[in-house]
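Data first, discussion second: the structure below is written as structure tokens.
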Amino acid sequence: MARQPRLIVPEQPHHVIQRGNNRQIIYRDEADYQRFLVWLKEAARFYDVAIHAYVLMPNHVHLLATPSDATGLALMMQKVGRLYVPWFNHKYERSGGLFEGRFRTSLIDSDRYFMTCSRYIELNPVRAQLSAGPGDYPWSSYAHHAGVRLDTLVSDHNLFWGLGNTPFQREAAYMEMVQQGLSSEEVDFITSSILRNKPLGSDTFKSQLEQKTQRQILPAKRGRPFNPPLPPLAQA
């Protein structure tokens, strides 16, 4: 049975995760992180994909990205893999695949979950106990959003710009949101959605996606379809 194509909608944010094969390490030293980010930025620009948030973990990568068309996101990820994997293999004298099959993606309901997903991504090192706070971890977009340094990989989303009229206001508002953290329910919902390649949003959002994409997204109703009885034939 053929795999169903990924649900990619142009001009809509997507949460993306790519894992190392068998959860193996994909970044072993600082140069590995830096090289991956260089190629990610080049590929994102070439295929016109806006990267709004990211984190590079030792064995996987999270992105919050908006593609301009239906193919750019996949082409971007393929390009990065074709550059990074041979470079990594040569450096560490290894062979074979590095990543776990196809990347996973979850279409985001912007109004309800964009900021939540951004915080989820940048708080990943804290949840994994790799850092005490998001600002202590160097391989994420948090420093950009907090105003610590300019990250030219990041394209700020309109929702981030809406946090304030000045950079200071936006950065302060975002840091406060991150400091509030996420509930376990929010973490579980986002994690479940991305691992199952399911949209992150309400049933209303998913219903609208079904109409727009002509694909089944909401669970099918159980049971046999209801066939109402036919009316009796009219007597002559």
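The values are calculated or read from the model by the stated rules, or taken from the named source; none is laboratory data. Quantities reported herein were computed from a predicted structural model and do not represent experimental measurements. No Cβ is skipped: glycine too gets one built from the backbone with ideal geometry, and neighbour counts run over all protein chains shown.
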**Asked** Just checking, which of 170, 127 is farther than 19 Å from residue 63 by Cα and either loosely packed, with under 14 Cβ neighbours inside 10 Å or of a type in the set (Lys, Arg) (or both)?
**Response** 170
**Prompt:** Do we find that residue 119 is touching a residue at least 12 places away in the same chain (Cβ under 8 Å), surrounded by 21 or more Cβ atoms within 10 Å (Cβ to Cβ), of a type in the set (D, E, K, R) and under 23 Å from residue 184 (Cβ atoms) in this structure?
**Reply:** yes
**Message:** Just to be sure I understand, how many residues within region 66-86 are farther than 26 Å from residue 29 by Cα and of a type in the set (Val, Ile, Thr)?
**Reply:** 2
**Request:** Answer yes or no as to whether residue 64 is of a type in the set (A, V, I, L, M), in contact with a strand residue (DSSP E or B) (Cβ under 8 Å, 6 or more places away or on another chain) and either modelled with pLDDT under 95 or more than 19 Å from residue 116 (Cα to Cα) (or both).
**Result:** no
**Item:** Extreme residue, surrounded by the fewest Cβ atoms within 10 Å (Cβ to Cβ), among residues of region 1-50 that are under 18 Å from residue 73 (Cα atoms) and of a type in the set (Val, Ile, Thr)
**Value:** 38
**Asked** Which of the residues belonging to region 83-104 are under 20 Å from the mean Cα position of the chain (by Cα), modelled with pLDDT of 95 or more and loosely packed, with under 14 Cβ neighbours inside 10 Å?
**Response** none
**Message:** If I ask for residues that are part of a helix (DSSP H, G or I), aliphatic (A, V, I, L, M) and within 22 Å of the chain's Cα centre (by Cα), which ones from region 157-172 would you list?
**Reply:** 159
**Message:** I need the strands (runs of 3 or more DSSP E) fully contained in region 1-109, keeping only those with at least 3 residues that are farther than 25 Å from residue 201 by Cα and touching a His at 6+ places or on another chain (Cβ under 8 Å).
**Reply:** none
**Message:** I need a count of the residues in region 114-156 that are in a loop (DSSP other than H, G, I, E, B) and hydroxyl-bearing (Ser, Thr, Tyr).
**Reply:** 5
**Prompt:** Can you tell which of 136, 109 is among the acidic types (Asp, Glu) and either in contact with an Asp or Glu (Cβ under 6 Å, 6 or more places away or on another chain) or exposed (fewer than 14 other Cβ atoms within 10 Å of the Cβ) (or both)?
**Reply:** 136
**Prompt:** In this structure, does residue 187 turn out to be at pLDDT 95 or above, more than 16 Å from residue 15 (Cα to Cα) and in a helix (DSSP H, G or I)?
**Reply:** no
**Message:** So residue 84 ticks every box in (1) in contact with an Asp or Glu (Cβ under 8 Å, 6 or more places away or on another chain); (2) of a type in the set (Phe, Trp, Tyr); (3) under 15 Å from residue 18 (Cα atoms) but one. Which box is left unticked?
**Reply:** (1)
**Request:** Residue by residue through region 147-167, note down the ones that are under 27 Å from residue 39 (Cα atoms), without any contact (Cβ under 8 Å) to a residue 40 or more places away in the chain and surrounded by 16 or more Cβ atoms within 10 Å (Cβ to Cβ).
**Result:** 151
